[in-house]
Amino acid sequence: MEQIKNITIIGGIDKSGKQENIKCFDIAQGEIIGIVGPTGSGKSQLISDIEQLSQKDSSTHRQILINGEIPSSELRNNPRQKMVAQLSQNMNFLADMNVRDFLLLHAQCRGKSMKNIDKIIYMANQLTGEPIKPNDNLTILSGGQTRALMVADVAVISESPIVLIDEIENAGIKKHEALELLSGYNKLILIVTHDPVMALSTQKRIIMKNGGMTDIIDSSPEEKTISTQLSQIDQTMLKLREIIRNGQHIEGKDLNQIFPELPVNKKITTLVNY
Amino acid sequence: MKLVIIAGTPGAGKTSILINTIKLLKGANTKPAVVKVDCLATDDDKRFATLSIPVLTGLSRDMCPDHFSIYNLDEMVKFADKNNADTLIMETAGLCHRCAPYTDNCLGICVIDSTSGPNNPGKTGPFLSCADIVVVTKGDMISQAEREIFREKILEANPECTILDVNGLNGQGAAEVAKHIMASDKKVTDEERLRHNAPFAVCTLCVGEQRVSKKYHRGLLRNMNGFQEYIGE
Ligand SMILES: Nc1ncnc2c1ncn2[C@@H]1O[C@H](COP(=O)(O)OP(=O)(O)OP(=O)(O)O)[C@@H](O)[C@H]1O
Ligand SMILES: Nc1nc2c(ncn2[C@@H]2O[C@H](COP(=O)(O)OP(=O)(O)O)[C@@H](O)[C@H]2O)c(=O)[nH]1
Ligand SMILES: [Mg+2]
Ligand SMILES: [Mg+2]
Ligand SMILES: [Zn+2]
Ligand SMILES: [Zn+2]
């Protein structure tokens, strides 16, 4: 497999047919880029352009280059050569088969070892609540279980130098653990997200509007500090979520970590405002 | 005259793919004409009419639509000739999994819906296994893993084919289909032959018998246990 040093997104047109603001954008190996924008602004479409290595043949007319060159059609189509792993926004599996068979088939398609199947199911189960069993049919899995299995499948079987992640925060799985699983060392990662914690964990953000890339901003030093604080709030929120999921009551002490000196009432208003 | 035959089950996305592809063909100085064959009624002609190219529709009524389109191929070529087209594109009704309407010198394109599940390519029959190009639609509705498995299953059924992912809604990938149509150098002849024989179907049901019981039927018939025989004079 060819080594990926960078990819180039050459801008096309937005939904009104106007040239995108961003004409050309390089992303290097090891970079983590966020994609943000209102619902319907074309975030998933941008991801799809990259997954398909579009050559001005999608509705956006964007072109994707790999290491500065037009990728071969073999590279675009053959799963054994694919360099892109994609966790799509999709929340359902439609295939009528059980979890083990599905993973075996997919491993075979990607030319990967088929010994890891139990490990993949184990990894998926670290992200979700009720465990997935190898003989479960794919279509009976819950939204969260499906998402967890998709993450583990992308991380192990589709393991590729370019990783595209569309809204990992949905479906109530453990998003930080999931992201960690997907990220790996020195990959080129694009994350579509509506979640401030996720967005601030990236180095740059592509801003989408009306189907076009309107701007690219670097995360500021101030955001780095805020990001740390936000992560703490997020950890608390996740802890509260687990308490509620387990059928227990939430108490004042559960909030103490983030706002040690505020009285309880104030803490709650702060959280609500956040 | 170049002949392109598009086969696939109803709703697979044939018309959607064609509309996107024909726009590109027109832009590339190709002169396409379209024939749509259906059984009882069709709306596809209205959808094609928006492209301002010659469109002909044929309704097969009591005849098997695939047999109808094969039987009327000469006439369709004449229609395209008369309208100064250089590429005749035929969209079949796609109802029968046993018929494959491709001829030796056509570009045979099978359109298949990826949400139909990974077992479907194995059951699709000769219109998939004899195709030159297999176009996979609705990939936007399934995960990358399922798309890859679906692709593998198509290759099991037709190892020689070229597989193209096309989104019928926004046309993503249609440029590849147009490229293959333009690159094809096969020309239709007066002596076209089918790639795959049509199923035997000479029985009393073919000529309108409505009674169900076995005792009413004559012809070349096949039993549930696979035994096949001729019953009659
Ligand atoms: N440049 C463009 N030209 C034409 N259509 C576009 C363009 N960009 C996006 N679209 C279309 O707009 C629709 C919405 O885009 P998309 O699904 O990517 O939104 P999104 O930002 O991911 O929204 P959400 O946050 O709800 O997931 C899609 O049908 C997509 O194909
Ligand atoms: N989501 C999605 N829908 C599609 C796609 N291609 C076609 N469709 C839809 O599928 C339906 C059937 O398509 P049509 O082209 O009429 O199929 P035909 O009967 O084979 O000609 C229509 O509602 C299309 O909008 C695709 O790639 N993705
Ligand atoms: Mg989206
Ligand atoms: Mg149609
Ligand atoms: Zn038939
Ligand atoms: Zn009959």
* To do: Could you identify the single residue in B:164, B:128, B:169 that is more than 14 Å from chain A (Cβ to nearest Cβ), hydrophobic (A, V, I, L, M, F, W, C) and under 28 Å from residue B:23 (Cβ atoms)?
  => B:128
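Residues that are over 29 Å from residue A:227 (Cβ atoms): find the strands (runs of 3 or more DSSP E) completely inside segment A:22-76 holding 1 or more of those.
Filter on segment A:22-76 gives A:63-66.
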* Single residue of segment A:72-128 satisfying the filter (among the hydroxyl-bearing types (Ser, Thr, Tyr) and within 12 Å of chain B (Cβ to nearest Cβ)) that is nearest to residue A:187 (Cα to Cα) -> A:88
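Might you let me know whether segment A:30-38 holds any residue that is more than 12 Å from chain B (Cβ to nearest Cβ), more than 20 Å from residue A:160 (Cβ to Cβ) and surrounded by fewer than 17 Cβ atoms within 10 Å (Cβ to Cβ)?
yes
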* **Unique residue being touching a residue at least 24 places away in the same chain (Cβ under 8 Å), of a type in the set (A, V, I, L, M) and closer than 24 Å to residue A:87 by Cα when the list is A:226, A:189** => A:189
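A short reminder: the numbers here are calculations on the coordinates, not readings from a lab. This is a predicted model, so every value here is computed, not measured. Every residue, glycine among them, receives a Cβ derived from its backbone with ideal geometry; neighbour counts consider all protein chains shown.
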